1. Taking interchain pairs and intrachain pairs at least six residues apart, which have beta carbon atoms under 8 angstrom, with the first residue in region 34-51 and more than 21 Å from D23 (Cα to Cα) and the second outside any loop (DSSP other than H, G, I, E, B)?
2. Which one of these is modelled with pLDDT of 80 or more and among the small types (G, A, S): G31, G95?
3. Pull up region 1-24, narrow it to residues that are of a type in the set (G, A, S) and surrounded by 11 or more Cβ atoms within 10 Å (Cβ to Cβ), then point me to the one that is modelled with the lowest pLDDT.
4. Can you tell me which residue in region 28-47 is farthest from V71 (Cα to Cα), limited to those that are of a type in the set (A, V, I, L, M, F, W, C) and assigned to a loop (DSSP other than H, G, I, E, B)?
5. Can you tell me which residues in region 38-54 are among the aliphatic types (A, V, I, L, M) and either touching a helix residue (DSSP H, G or I) at 6+ places or on another chain (Cβ under 7 Å) or at positive phi (or both)?
6. For residues that are without any contact (Cβ under 8 Å) to a residue 40 or more places away in the chain and either among the aliphatic types (A, V, I, L, M) or assigned to a loop (DSSP other than H, G, I, E, B) (or both), scanning just region 56-68, find the one that is surrounded by the fewest Cβ atoms within 10 Å (Cβ to Cβ).
Amino acid sequence: MSLDLRGLTPAPVTPFTRDGEVDFAAIKKLGSWLGGIDGVKGLVVLGHAGEGTFMTSDEQRRVIEAFVEAVKVRSQLLRASLAKATMLQPKKQNGLSRRAHLLV
C-alpha cells in the first residue's frame, strides 16, 4: 500500500466563542465547507495556530471528534497535530493521533 500525498490538506484554526469556549457549531460549518472543496484530501486539526497546546486532552479530543463528524460523509483523512516543547508531548501526541485515525 502506498501513501498518496497529493492534494490539499488545510490546517483550520479552532474557532472559539467570545467567552473563550470552543465553538462547536462553527467547527461543524468550517469542517463541512473545507471537506466539500474539490481537492481537499484531509485536515490538520489542532496544527495551525498552537491553540491545541493550551487545551486539555478532553478538549482536544472533542475538537477532533467535531471535525471528524463534520467531514465524515466525505471520508476525509483527519489528523491531530500538536507540538509542545516537553518530553511528555510525543506520547500524548501519539495517543491523540491514534484516536483521530480510529474515529474516521
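The values are calculated or read from the model by the stated rules, or taken from the named source; none is laboratory data. The structure displayed is predicted, hence computed values, not measured ones. Virtual Cβ from ideal backbone geometry, glycine too; neighbours counted across all protein chains shown.
1. I37/L8; G39/L8; V40/L8; V40/L34; K41/L8; K41/L77
2. Of G31, G95, the one residue that is modelled with pLDDT of 80 or more and among the small types (G, A, S) is G31.
3. G7
4. Among those that are of a type in the set (A, V, I, L, M, F, W, C) and assigned to a loop (DSSP other than H, G, I, E, B), it is L46.
5. V40, L43, V45, L46
6. Residue satisfying both the conditions and the ranking: T56.
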